[in-house]
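The values are calculated or read from the model by the stated rules, or taken from the named source; none is laboratory data. As the structure is a computational prediction, the values presented were derived from the model and not from experiment. Cβ atoms come from the backbone with ideal geometry, glycine included; neighbour counts cover every protein chain shown. Only protein heavy atoms, including side chains, enter the accessible area calculation; ligands, DNA and RNA are left aside. Shrake-Rupley method; radii C 1.70, N 1.55, O 1.52, S 1.80 Å.
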Amino acid sequence: MGLYHTEDQAMLKDSVAPFLAENGSIKQLRSLRDSNDATGFARDLWSQFAEMGLNGILIPEAEGGLGLGHVEAGIVLEEIGRNLTASPFLSTAVAAVEALKSASADMRAQWFPKIAGGEAVIGLALEEGKKHNPAATALKAERSGNGFKLTGAKTFVVHGHVADLLLVSARTAGAAGEEAGITLFAVPRDAAGLTAEADRLVDSSMSARITLDGVQVDADAVIGEVDAGWAPLTALLNAGRLGASAELVGVGTGAMDMTFDYLKQRKQFGKVIGEFQALQHRAAHLYGEMEGARSIVLKAQQMLDDGDPRGEMFVSAAKAKAAKSTNLAVREGVQMHGGMGMTDAYDIGLYMKRDRALNEVFGDLYFHADKLAKMNGY
Amino acid sequence: MTDLDTFRKEARSWLEANCPPEMRQPVKGDDDVCWGGRNWVFSSPAQKQWLDVMAAKGWTVPDWPVAYGGGGLSPEQTKALRQEMAKLNCRSPLNSFGIWMLGPALLKFGTEEQKLHYLPQIARGEIRWCQGYSEPGSGSDLVSLQTFGEDKGDHWVVNGQKIWTSYADKADWIFCLVRTNKEDKYQGISFLLFDMTTPGVTTKPILLISGASPFCETFFDNVAVPKHQIVGELNRGWDVAKYLLGHEREMISGMGGDGGMASLGSFYADVLNDNPVLRAEMAMFEVENLAFRAHSERFMDEWKTGRAHPAYSNLMKYVGTELNKKRHEIVMAAGGSDALEWESARTNGGARPRAWLRTKANSIEGGTSEVMLNVVSKRILEMPGA
Ligand SMILES: Cc1cc2nc3c(=O)[nH]c(=O)nc-3n(C[C@H](O)[C@H](O)[C@H](O)COP(=O)(O)OP(=O)(O)OC[C@H]3O[C@@H](n4cnc5c(N)ncnc54)[C@H](O)[C@@H]3O)c2cc1C
């Protein structure tokens, strides 16, 4: 297999790219933001995604999905990134689906059709501090009745206020910081004792702080095994991190292309500014950085799809590299647009804001570089 | 099992049976690298045996046609073979400017006669080639070169000077850019091949900051070159030269992957854990290294199947060489004062600082980083201006 898209994958891209440019554009993001929309994404678009089959992209064919892999999910996410589309696709159709693959047949039968049909949104309630740290889970789940009682708080739950279901990591044994002793629960958002406080983030998406005050769930709300939630959580995180990386590549490429167009139009000193070697070299360097990010993301996608044991390490490398390169793309983008880059009317600033949020989600550059170092024994 | 799987399996067992154990040890010094040529002294019988069996199989140049001494393999098979060689830690049987640079140019621009004559010699490591491009006044601005070939009917008489000619003192033949028309800058250069023992050719080694002197000043004083030793058309040598540079840059870019995907930091865990800022630098380097490995794999896959932009090797050369310099900076920092020792036996004659200094040339040789960025911005990004 070559490290490039197959014909089928290229076809998927050819159908998703124009669809999102038309229906999930930056214009839509602006209108959601400017109308102070409380949902954080366009429900119509979410249904259209379902009609195209995209929401079931990772769901097995036997369970009503397309049964495709991370490369294909990444193709959709790159276009989401390029268009700055507001969508629960990453959390629901990618990260949550990978966790739910470890769920009981009943739970899968309940949620996969709803996800594929665009009827459900799933929030990921994993973080308790301001920096990504899934092992630091302290939210308590105590045995109670036929199930568990959950008490604690989560933050940075994107779309959490409108989600139908929340995937909540909780501690059933051990101490915060340990991977063992975590259990992953599926908790309906309307459960008694669960409150969600929503806020708009810098990139105009909506995210919630969630409080669980003795929320009672049945034993069958557990995904995977009690105390061994790290396994489904790892599947969720691999998919989420890599999906965010693909989206970052879309954001960075979108910002870069926009900037290169500007370099070819804007005139100063009687010349198109793209003629200045100082800018040409920075442009070429940036292009190299984005190409590197694109390559490692694709490599990690193929590895996860092949079940390669080094997959998790490459996911970290991919997230770190995509974060680094895209951050450069948006910074260079604003700078090379001059004063225009600072205006709200111009889109480049929106790329910068989305980059910031995507850099943070599922662990930033520093988290993943550190993780890579630890995996290599230092 | 697919055909490729079958090939991979067969290649693996063939390599296991034919690659001498010594040729699966890591390369420690220059002697361990085989360059071939008339004057090559094999460092061990195993080195010779390895070259002979690989050449007989056509696997010194696996993707060249069989008729020219190659293995006739497809891009996928070539990749699989390289992967299997890497898994078994097989050394490269032959390093050669003939394989990396001249061969591809001959395959594209050579006559059938030239291909049948020169390519098998390259594949078998019989003739060692050097590259006569740069001149004292023509480095980045290569097309301004002045070495002149005067038309004498059935031959040219070449006069002039080249510089930075790697291994000119060890090479058997040279591929050389020679001006054959002074009126036309671009369409006045011809691509000539000639024997370094031709009367009038002299070389003078130049000492590098690393203490080695692998390159030379090369002088041509009335050197007679027969007319059939031109590659491509008269005065159209620049096309051949540029095509060859694409391959040279592809080859040099591969250096960024020194050490492959293996973790560099894992060798220095003790030092790194006591030096958190250095540890962080190393971690960032590891990110870049894995990204580069994937980038280079993707580039090779696209390049060999005609998907890559024709100027893409310029980008890879820039990224790969800058990364390799970074690698050696970190290695030096991790090595601390031990890495300053220049001569001791303990440090294998200062191998580390010498290698570090050598890498500084990576972003100069074959076209500088700045020139690579110029080419990328103009040819790939289509930025305006001259
Ligand atoms: C180890 C080594 C091996 C070599 N082997 C060979 C060989 O085998 N055969 C051969 O022919 N040559 C060889 N070379 C020569 C090499 O190709 C040249 O050194 C290289 O092309 C640069 O030319 P220069 O040294 O004249 O530098 P210059 O061209 O003088 O460059 C000086 C500086 O100016 C910058 N610069 C120049 N032009 C521009 C521009 N337009 N825009 C921005 N910056 C610019 C350069 O990037 C560089 O930083 C080798 C060089 C080295 C170091």
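What's the FRET efficiency of B:Val27 with A:Ala10 using the Cβ-Cβ distance as r and R₀ = 35 Å, to the nearest 0.05?
Efficiency, from the Cβ-Cβ distance: 0.30.
Treating the angle as unsigned and between 0 and 90°, give the value, to the nearest 10°, between the Cα long axis of helix A:7-23 and the longest Cα principal axis of chain A.
Long axis of A:7-23 versus the principal axis of chain A: about 80 degrees.
So what's the back-of-envelope 222 nm ellipticity for chain A, counting only DSSP H runs of four-plus at -39500 (n - 2.57) apiece and dividing by all residues, rounded to 500?
Details: 11 runs with 179 residues, N = 378.
About -16000 deg cm²/dmol.
Work out which GluC sites (Glu not before Pro) in chain B are exposed loop sites (DSSP not H, G, I, E or B, at most 11 other Cβ within 10 Å) and give the longest gap free of them.
B:1-182
Extending each Cα 7 Å along its Cβ direction at A:Met1 and A:Ser104, get the distance between those two points in nm, one decimal.
If labels sit at A:Met1 and A:Ser104, their model points lie 3.4 nm apart.
Between the helical axis of B:112-123 and the dominant principal axis of chain B, each derived from Cα atoms, what acute angle in degrees is found, rounded to the nearest 10?
Long axis of B:112-123 versus the principal axis of chain B: about 30 degrees.
Hey, got the Cα dimensions of the range B:1-114 along the principal axes, in Å, largest first?
The principal-axis extents, from largest down, are 45, 39, 19 Å.
Where in the range B:207-241 is the amide nitrogen less than 18 Å from a point lying 7 Å along the Cα-to-Cβ axis of B:Trp342?
What the label zone holds, given the 18 Å backbone N cut-off, is B:207-214.
If you take the Cα atoms of the range A:34-172, find Rg, then find the Kirkwood Rh from the mean of 1/r over all pairs, what is Rg/Rh?
0.99
In nm, what is the difference between 0.36 nm times the number of residues separating A:Met375 and A:Gln335 and their Cα-Cα distance?
Difference between extended and current length: 10.8 nm.
What do you get for Rg/Rh of the protein assembly as shown when both radii come from the Cα atoms and Rh is the Kirkwood radius? All intermediate terms of the calculation are to be shown ahead of the outcome.
Numbers: Rg = 29.6 Å, Rh = 28.8 Å.
Here Rg/Rh amounts to 1.03.
If you consider only alpha-carbon coordinates, what radius of gyration and Dmax does the range B:120-212 have, in Å?
Radius of gyration, then largest Cα-Cα span, for the range B:120-212: 14.1, 45 Å.
So between A:Asn133 and A:Lys27, what do we pick up on full extension, going 0.36 nm a residue minus the alpha carbon distance?
Working: separation 106, 0.36 × 106 = 38.16 nm, distance 3.40 nm.
Length gained between A:Asn133 and A:Lys27: 34.8 nm.
List the lysines whose Cα sits under 21 Å from the Cα of B:Lys182, skipping any in the same chain fewer than 8 residues away.
In chain and number order, the partners are B:Lys152, B:Lys162, B:Lys227, B:Lys242.
Considering Cα pairs under 8 angstrom that are at least six residues apart, work out the relative contact order of chain A and quote it in whole percent.
Answer for chain A is 16 percent.
Can you pull the Kirkwood radius for chain A, inverse mean 1/r over Cα pairs, to one decimal in Å?
21.1
Dipole of the range B:239-380 (Lys/Arg Cβ +1, Asp/Glu Cβ -1, origin at the Cα centre): which of B:Ala339, B:Ala351, B:Thr305 lies farthest to the positive side?
B:Thr305
Among A:Ile57, A:Ile26, what's the order by accessible area (1.4 angstrom probe), most exposed first? Could the numbers behind the result be given before it?
Values: A:Ile57 0, A:Ile26 25 Å².
Correct descending sequence by accessible area is A:Ile26, A:Ile57.
So how tilted is helix B:45-57 from the main axis of chain B? Cα-based, degrees 0 to 90, rounded to 10.
Orientation of helix B:45-57: about 60 degrees from the principal axis.
Given R₀ = 51 Å, FRET efficiency for B:Asn275-B:Glu150 by Cβ-Cβ distance, to 0.05? Before the final figure, lay out the partial values.
On the way: r = 62 Å, r/R0 = 1.21.
For R0 = 51 Å, the calculated efficiency reads 0.25.
Report the calculated FRET efficiency for B:Glu329 and B:Thr6 (r = Cβ-Cβ distance, R0 = 56 Å), to the nearest 0.05.
On the way: r = 44 Å, r/R0 = 0.79.
So the FRET efficiency works out to roughly 0.80.
Setting aside same-chain residues fewer than 8 positions from B:Lys360, which aspartates and glutamates have a Cα under 13 Å from its Cα?
B:Glu322, B:Glu329
Within 10 Å, at most 14 other Cβ atoms, and a DSSP state outside H, G, I, E, B define an exposed site. Report the longest part of chain A free of exposed GluC sites (Glu not before Pro).
The reported range is A:226-378.
Using +1 on the beta carbon of Lys and Arg, -1 on that of Asp and Glu, and nothing else charged, what's the dipole of the range A:231-375 about the Cα centre, debye to 20?
340
Less than 18 Å apart at the alpha-carbon level, and either on another chain or at least 8 residues along: which lysines does that give for B:Lys79?
A:Lys299, B:Lys9, B:Lys57, B:Lys87, B:Lys304
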